[in-house]
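The values are calculated or read from the model by the stated rules, or taken from the named source; none is laboratory data. None of the values given here were measured: they were computed from a predicted structure. Backbone-built Cβ (ideal geometry, glycine too); neighbour counts: all protein chains shown. Just so you know, the surface numbers come from the protein's heavy atoms only, side chains and all, with ligands and any DNA or RNA stripped out. Shrake-Rupley method; radii C 1.70, N 1.55, O 1.52, S 1.80 Å.
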Amino acid sequence: MAKPNIFVATLFLLAGASLSAQTLDVDALGSYHPSTIREVFAVSRYVKLDAAQQQALASAFEREDSACVARIKADGGILSVKGSREVQKMHDRAISGVLDREQLEQYYRGVFDKEADAEGIAVANRLQKKYALTDQNWKFIRIAFYKIGLESRVINKIMADQPAKAKKKIEALRSEMLASIEAKGGIRVNPEGTKVTVVKPFDPNALHKE
């Protein structure tokens, strides 16, 4: 069964992360290697960066590349799992050292958007098939698990050095999103997205605009 577009405003908000990003400042990055410029573009496609930030990011990526090559040489021409993790951490630090908190959140939302969207759709499809849910409840489940998937990934990235606080924040987010499904659709979905309990008959007239 085809699913109509849902919660358009919310999806446009996330799509805006890419639409509001800018192209590269080719003059500011003129002295950098093309591969470095490409890495900067991979960030700026999701978030707007001024010329100084683009240059700072390019310089950080150059240092990262040099360290990566040195690690490969030290390991005899390979990059071990441990080495790969260290390089990834260096890459994350480079980005977090240049972008502010708001920019970081926007960047990671862009990075994880498709993955989270697919996750939300998968949960909604599975539960609709199992419980013969209405298309309206499919929508509520899809957007809730999309938000849970997206924001939890962003939180884990930004708060990687504070796992306990990150876990608490994600739990609060999950509770809020699951409560929204129950309030709008009259069904209760467990945190794992595997079980549905009908709380009250669905009443479309009870919905309010957001």
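Quick notes on this one:
- Model label points for Gln88 and Lys200, set 7 angstrom from Cα along the Cα-to-Cβ axis, are 4.5 nm apart.
- Cα-projected label distance for Asp135 with Arg188, points at 7 Å along beta-carbon direction, nm: 2.9 nm
- With all protein chains kept in place, the per residue accessible area of the chain amounts to 59 square angstrom at a probe of 1.4 angstrom.
- Proximal lysines relative to Lys165, as straight alpha-carbon distance under 24 Å, when same-chain residues fewer than 8 apart are discounted: Lys89, Lys147, Lys157
- Largest to smallest accessible area among Lys184, Lys165 [probe 1.4 Å]: Lys165, Lys184
- Surface composition of the chain: carbon plus sulfur atoms contribute 56% of the solvent-accessible area (1.4 Å probe, protein chains only, all chains present).
- Share of alpha-carbon pairs per 5 Å distance bin for the chain, given as whole %: 1, 7, 13, 14, 14, 13, 11, 9, 7, 5, 3, 1, 0, 0
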